[in-house]
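Step one of this worksheet: look at the structure below.
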There are 2 protein chains.
Amino acid sequence: MNNHKENMTYYNAHFVDSLVRSGVEHAVISPGSRSTPMALLMEEHPRLKTFILVDERSAGFFALGLAKSSQKPVVLLCTSGTAAANYMPAVAEAKISRVPLIVLTSDRPPELRDVGAPQTIDQLHLYGHAAKWFAEMALPEATETALHYVRTQGARAVFESLSSPSGPVHLNFPYREPLLPDYDGIYNRISIPAPVRLISGKKMPDRIIMDDVAKTLRGKNGLIIAGEISKSSVASAILSLSEKTGWPILADPLSQLRSNKSVMDSYDAFLRDDEIKDALKPAAIIRFGALPVSKALTLFMKRHHDIPHVIVDSGGGWRDPLHVATHMIHVDEAAFCIEMCTLLNESQTEWKTAWQSVNEAARSVMKKADGMDEGALFQQFLKGLPDGASIFTGNSMPIRDLDSFLFAGEQRIRVHGNRGANGIDGLVSTALGIAANGENVYAVMGDLSFFHDVNGLLAAKMNKLSMKVLILNNNGGGIFSYLPQASEEKHFERLFGTPAGLKFEHAASLFDCQYVRITSGAQLIEELNQEREGITILEAFTDRAINTEVHRTLWKEAVMQARKALL
Amino acid sequence: MNNHKENMTYYNAHFVDSLVRSGVEHAVISPGSRSTPMALLMEEHPRLKTFILVDERSAGFFALGLAKSSQKPVVLLCTSGTAAANYMPAVAEAKISRVPLIVLTSDRPPELRDVGAPQTIDQLHLYGHAAKWFAEMALPEATETALHYVRTQGARAVFESLSSPSGPVHLNFPYREPLLPDYDGIYNRISIPAPVRLISGKKMPDRIIMDDVAKTLRGKNGLIIAGEISKSSVASAILSLSEKTGWPILADPLSQLRSNKSVMDSYDAFLRDDEIKDALKPAAIIRFGALPVSKALTLFMKRHHDIPHVIVDSGGGWRDPLHVATHMIHVDEAAFCIEMCTLLNESQTEWKTAWQSVNEAARSVMKKADGMDEGALFQQFLKGLPDGASIFTGNSMPIRDLDSFLFAGEQRIRVHGNRGANGIDGLVSTALGIAANGENVYAVMGDLSFFHDVNGLLAAKMNKLSMKVLILNNNGGGIFSYLPQASEEKHFERLFGTPAGLKFEHAASLFDCQYVRITSGAQLIEELNQEREGITILEAFTDRAINTEVHRTLWKEAVMQARKALL
């Protein structure tokens, strides 16, 4: 080996090995030339599973899905230039939804930057504030110092991506030609020292300060509100706190708490009524996780802004767009719950009973949905899922329908969505990334979302993945029919409705997927139960006007029944 | 109108009107809620043509194509969140290829940022160094000062995007709910003052300094090398300089100079031979535009790094990845040529004749390509184009084939490509943007490029555009077969070949395009001559191994004939 080749080989091998030994299991690689040394040394590593995706935007979201599912950082690798810019949407989403990603971009060496060389953009701090940590790497060298440095950077990348709040990190690797390393069997040929181990403590509550917080909550009829939560330990701690205090849990579909029979699941319907909102006014609120999906619930919180409102966030964020927080508590959520269990006592039984009966009344109405509108289909979709299934839900309407129709305690399912920035981009790929980690994924999304990331399907074909996806095709942006824009007839269909007239049977043919058109709820359930390899697209055509009307009728009826239950 | 609605209406109307009166003709809008006030006031403006595109990544490139074709800044508008992040690839390309874009992102107001509100990412300086100019706008107000400010920002955005070197600018608009303005007939109802006019001078050459430069060039057997040039005035000035000096022009296909019979067009073939390279060593070089596509030509320039090498760039860049410049001259290219025409004299006749005969010999070989390999198909493709057609070429192999087979003076065509960062992303959309400006576009690209932006086809369907696109489907990344990676059999197909096995007949069905499978060169010519509305996909299946072999044989033969011509 000449000196250059030796540098390329050892430097990158030590880096890849450091990532793996620090906990990385998956890498998503997009083809390119400048990334050749890193790609070959990843492909060669016996303990790194690689996926090849041509479209870097899809690759970014695929890695996001893998990381959401595995709760471990996933590596992205691409060539130089706009390839790297295509990761931007997934990086932005990962930042806000706190998903660990390690983005590796390949670059020209310093002397070929800003001099008109091909495939060269300014990649330094390319993702700006969306990346938690950025490092411009040194050129490959095989000295002891350089190899120690590169191993340390690998370990740091893993650590930084995971440290609370987790998120995306970016390392930019300059490479000089020739790009080929001597990869074959390299990990058997050389011995690579273990990288530095990085350890970070948890933010633990201080007993004296917690006692002070408890004083403002003790003896009150309170509520626990749980938004998106990814750790199951947090979910079970919240349940214990609810049991101890008797405070009802309003559980967002992404809280992973809906599988518990005891939580409130129909508040999005009955909290649309001012009388109910006032009758059920809590004396205090403790909130965990991201902001819940339900607009009715957020308006309820905003209405009652004059009570102690405690937000617990170990990630150190400021999740309070409602400006209602009285206490912002940055400690480990599970530890907070354990502490509060010892400090708080039980509230009045009537308080919990009132919530339960109102919730029960509204739920029984919501369960009545029937037919081919999106609400009814959503219920059939949920009924058709096998035990242990995972849902990946689109934004706009699907997540709201999930909120309405995912009834507490009926099923053991895991729920995923991209609720950081709530984009309609990258959904197919995120769902496939979750499937690639071994979850049994059932995705559900609208036609515009599916279209936006239809490219993502190639990942399934090239990496032999399986998933079922239900498209609720209402020919355009369904959510706008529920917003004030709907009244602007003059430009509505062109600017907001955007009917694209797409039929995804052809997308199925393009990407070798199976395709079934859904015409009834019963058929949907049947199709969900078919065992099939590969991707199955289930497409149901719905009508925006009918969807809106049926939803509004259901909500009205739910409110009516809930009011009766209140008396 | 209440005060808020009045603010939303007037502020945005004054801004849109200022853009239009400063020269903007086109806006590309992606549907969203937060962007509602701006979208409605754009849609309503009688002199602004709008296009609706669902996928913001495609929208970015579509705007890029529109701006390339019209040489005028094009406006992009999207909602908040990852939507804005999807513009990143097109913004990065626009920065390097110097295309004026005005990116308008909608945002939450300050009190809803970094507080966990939905669809909210940090959009300040979102495009980092890729944007030439960034402004965080004030919240809408209708005071005289605010309206003057917003008109001025509109005019400045246009000016900044166009000032040399032109490129993308970014304005971030915070909007509070409710979002609906009172748009109907607004431009007839109110009178909006004209915005400030901004005027910028040209960088003109200083006569004394030019005289000094001329001294190092005078009396020498020199060469003019022309890379990508968009202004036709520059192209004709370069032709005059060549006529005056007798210096041959080596004209890149994107120089817009290939329609002139006098330029060298086959240098990429004959400059692969060291003997020829040395025999044709120039005593000086003047270079215009971006770095040429031909690797043979760049190696030729690098080999002869010991001569005066003058780079003229009115855009003030540093387009010299070869590190060969002796003079970097930042003045208007046309003015430089005019000045040099008066200062330089003619070189020896034999110099020009030698280049001509070598070029002639190589060209006659390159013209022999025949069959269904990509080189031969490319020739048929070019033969089949009507007069005045525009080519949009993919990167990697198509641009190189264009370089090989676009023979000088045979056709009056305009050539476009995304040669800033040379990405394989956004090509379908860029081509459609050029078509949307009225050019008769014939795009040609590989299967991976077409796949990467297959979403872009929806723009054609939704905005009724016409274009023909030839896909050279070699089932994967064709260019890697020409690179050193080709020797790495162990991981080649998985990491570099990436055969996706896509058949685009189904993409045609999905997006309502016409589809023709091409099986012979004659059929290709016939199909190109069919008059058709909408998008026609012409797909030819080729073989990577055969393509590589045929190219290599042609180059070898071209070199052989060129060497004979040299004697």
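Each value in this text was obtained by applying a stated rule to the coordinates, not by laboratory testing. Please read these numbers as outputs of a predicted model, since none were measured by experiment. Neighbour counts run over all protein chains shown; Cβ positions are idealised from the backbone, glycine included.
Numbers for the structure displayed
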read-out: Cα centre as origin, Lys/Arg/Asp/Glu Cβ charges: segment A:207-363 dipole, Debye; value: 40 debye
read-out: Cβ crowding within 10 Å averaged over residues, with A:401-408, A:325-332 ranked highest first; value: A:401-408, A:325-332
read-out: Whole-number D in µm² s⁻¹ for segment B:374-542, Kirkwood Cα-pair radius fed into Stokes-Einstein, 37 °C, 0.692 mPa s; value: 204 µm²/s
read-out: Distance between segment B:131-201 and segment A:376-402 - C-alpha centres, whole angstrom; value: 43 Å
read-out: Gyration tensor (alpha-carbon) shape descriptor, segment A:207-363, a/c threshold 1.5; value: rounded
read-out: Centre separation in Å (Cα based) which lies between segment A:242-274 and segment B:49-111; value: 42 Å
read-out: Over 29 Å between alpha carbons, listed pairs B:LYS95/B:LYS503; B:LYS281/B:LYS367; A:LYS244/A:LYS368; B:LYS244/B:LYS383; A:LYS231/A:LYS556; A:LYS215/A:LYS302; value: B:LYS95/B:LYS503; A:LYS244/A:LYS368; B:LYS244/B:LYS383; A:LYS231/A:LYS556
read-out: Among A:85-95, B:540-550, A:289-299, B:519-529, the order from most to least packed when residues are scored by Cβ within 10 Å on average; value: A:85-95, A:289-299, B:540-550, B:519-529
read-out: Teacher prompt: B:PRO110 distances to equivalent labels in other copies, 7 Å Cα→Cβ, nm; value: 3.9
read-out: Within straight-line cross-link reach of B:LYS295, aspartates and glutamates at Cα separation under 13 Å, skipping those fewer than 8 residues along the same chain; value: B:ASP252, B:ASP268, B:ASP273, B:ASP401, B:ASP403
read-out: Ordering of B:171-178, A:229-236 by burial proxy (mean other Cβ atoms within 10 Å per residue, highest first); value: B:171-178, A:229-236
read-out: Largest-first ellipsoid semi-axes for the protein assembly as shown, taking √(5λ) over the Cα gyration tensor eigenvalues, angstrom; value: 54, 32, 28
read-out: Chain A shape via C-alpha gyration tensor axes, a/c threshold 1.5; value: oblate
read-out: FRET efficiency, 1/(1 + (r/R0)^6) with R0 45 Å, evaluated for B:LYS281 and B:LEU198 via beta carbons; value: 0.45
read-out: Estimated FRET transfer efficiency when R0 is 60 angstrom, pair A:ASN3-B:THR349 (beta carbons, to 0.05); value: 0.75
read-out: For the protein assembly as shown, size of Cβ-based charge dipole, Lys and Arg +1, Asp and Glu -1, in debye; value: 920 debye
read-out: Net dipole in debye of segment B:374-542 [+1 Lys, Arg Cβ; -1 Asp, Glu Cβ; about Cα centre; nearest 20]; value: 200 debye
read-out: Under Karplus coefficients 6.51, -1.76 and 1.60, residue-wise ³J(HN,Hα) of segment B:354-359 in Hz, glycine/proline x; value: 4, 4, 5, 6, 5, 4
read-out: Convex hull per residue volume in Å³, alpha carbons only, for segment A:329-453; value: 155 Å³
read-out: Helical contribution to [θ] at 222 nm, DSSP H n ≥ 4, -39,500 (n - 2.57), averaged over chain A, rounded to 500; value: -12500 deg cm²/dmol
read-out: Shielding by partners, peptide B:73-85 (average Cβ within 10 angstrom, other chains); value: 5
read-out: Neighbouring partner chain Cβ atoms per residue of B:490-500, average, 10 Å criterion; value: 5
read-out: Copy-to-copy label separations for A:ASP211, where each label sits 7 Å from Cα toward Cβ, in nm and ascending; value: 9.2
read-out: Whichever aspartates and glutamates have a C-alpha closer than 14 Å to that of A:LYS72, once near sequence neighbours (fewer than 8 apart) are set aside; value: A:GLU25, A:GLU160
read-out: Per-residue mean of C-beta atoms belonging to partner chains within 10 Å, peptide B:417-425; value: 6
read-out: Spin-label pair B:HIS330/B:LYS464, simplified geometry with 7 Å Cα→Cβ offset, distance in nm; value: 4.7 nm
read-out: For A:ASN345, inter-copy label distances in nm, listed shortest first [label point 7 Å out on the Cα-Cβ vector]; value: 11.0
read-out: Radius, Kirkwood style, for segment A:47-188 when every pair of distinct Cα atoms is counted (Å); value: 15.7 Å
read-out: Residue among B:GLY384, B:THR542, B:PRO109 farthest towards the positive dipole end of chain B, charges placed on Cβ; value: B:GLY384
